[in-house]
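Participant: Pasting a structure here, questions to come.
The values are calculated or read from the model by the stated rules, or taken from the named source; none is laboratory data. Note that the coordinates shown come from a computational prediction; the quantities given were computed from them, not determined experimentally. Counting neighbours? That spans all protein chains shown, and the Cβs are built from the backbone with ideal geometry, glycine included. Note: areas computed on protein heavy atoms with side chains; ligands, DNA, RNA excluded. Shrake-Rupley method; radii C 1.70, N 1.55, O 1.52, S 1.80 Å.
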Amino acid sequence: MTFKYFLLVTMCLVLVGCGKAEPPKKIIAQINDYEVTVEEFEQGFLQSAYAMREDKAKARHEYLDNLISQKLILQDAQKKNLDKDKEFLKSIERFWEQSLLTMAIGTKTKEIAGSLQVPADQIQKLYQQMVKEGLTTQSYEEMYPQIKWQAAKQFEAQMLTSWMDSLRQNANIKVNESLLKAAK
């Protein structure tokens, strides 16, 4: 029984050992204990203003030099525990919230825009209203794209407002009015 157990364990180890190992990461720079991979460097470089320069070789060196300086400053800040400072953490929280809000509203706006159809009669009514109010002397055909865009933006705003209203209606919100009045 022990031989079978030994054989089973050995086979498992051999099979695990034969799995494909990840290729070693190519390190373009090491700053103290921090390693910058080629992939990280390339991604950062391409997203930077350095990538727009004509002399790519010089730009890559300048970008790397700047990246090294940034990492050294960040490492020094961490040694001084600035990354644990309450104000720093609060600013990170505000940044996170703003980024998430922007992403959520952007996602909802795309969702709305993808399903939005502006009725032709609505565009015609808006055009007639503009003519009546003397806001345009251009033909309907000339104004059509602009009016359609404006109508779509109005509907989009209305749908975003409706979405926000539904979020409020489905939420449990309690406000302490006495504390609100006392807050300064």
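Participant: Return the FRET efficiency for the residue pair Q124, A171: r is the Cβ-Cβ distance, R0 is 35 Å, and the value is rounded to the nearest 0.05.
Facilitator: Once rounded, the FRET efficiency stands at 0.35.
Participant: Between L179 and K56, what is the spin-label point distance in nm, taking each point 7 Å from the Cα along the Cα→C-beta axis?
Facilitator: About 5.8 nm separates the two model spin labels.
Participant: Which net charge results for the neighbourhood of A113, defined as the other residues with beta-carbon distances under 11 angstrom from its beta-carbon, given Lys and Arg at +1 and Asp and Glu at -1?
Facilitator: Here the charged neighbours net out to +1.
Participant: Based only on Cα atoms, what mean projected area does the convex hull of the range 22-131 have, in nm²?
Facilitator: 14.4 nm²
Participant: Please tell me the relative contact order of the chain in percent, rounded to the nearest whole number, where contacts are Cα pairs under 8 Å and at least six residues apart.
Facilitator: Details: 62 pairs, mean separation 20.0, N = 184.
Answer for the chain is 11 percent.
Participant: Can you tell me which of 70-80, 56-66 comes out highest on packing, and rank the rest after it, using the mean Cβ neighbours within 10 Å?
Facilitator: Result, highest mean first: 56-66, 70-80.
Participant: Oh, and also: Per residue, how large is the accessible surface of the range 60-126? Use a 1.4 angstrom probe and give square angstrom.
Facilitator: 79 Å²
Participant: While we're on this one: Provide the gained length on full extension for the span K26 to K71, in nm with one decimal, where the gain is 0.36 nm per separating residue minus the Cα-Cα distance.
Facilitator: In short, 14.4 nm is gained.
Participant: A further question follows. Could you pull out the pairs from K125/K148; K108/K132; K25/K80; K110/K174 whose alpha carbons sit more than 23 Å apart here?
Facilitator: Violating the 23 Å Cα-Cα cut-off are K108/K132; K25/K80; K110/K174.
Participant: In straight Cα distance, which lysines are under 23 Å from K58, not counting same-chain residues fewer than 8 positions off?
Facilitator: Those lysines meeting the cut-off are K26, K71.
Participant: Turning to a different aspect of this structure: Would you kindly derive the ³J(HN,Hα) couplings of the range 132-145 from the backbone phi angles with the Karplus curve 6.51 cos²θ - 1.76 cosθ + 1.60 (θ = phi - 60°), listing them in order in whole Hz, with x for Gly and Pro?
Facilitator: These are the phi-based 3J(HN,Hα) values: 4, 7, x, 7, 8, 10, 7, 6, 4, 4, 5, 8, 3, x Hz.
Participant: In whole percent, and with a 1.4 Å probe on the protein chains, what portion of the accessible area of the chain is carbon and sulfur?
Facilitator: 59 percent
Participant: Here is a follow-up. Using R₀ = 41 Å, calculate the FRET efficiency as 1/(1 + (r/R₀)^6) where r is the Cβ-Cβ separation of T109 and D85; round to 0.05.
Facilitator: Calculated value: 0.70.
Participant: Also, quick follow-up: Which of the following values of Rg and Dmax of the Cα atoms in Å was calculated from the structure shown: (i) 29.9, 98; (ii) 21.3, 75; (iii) 17.6, 64?
Facilitator: From the options (i) 29.9, 98; (ii) 21.3, 75; (iii) 17.6, 64, the structure gives (i).
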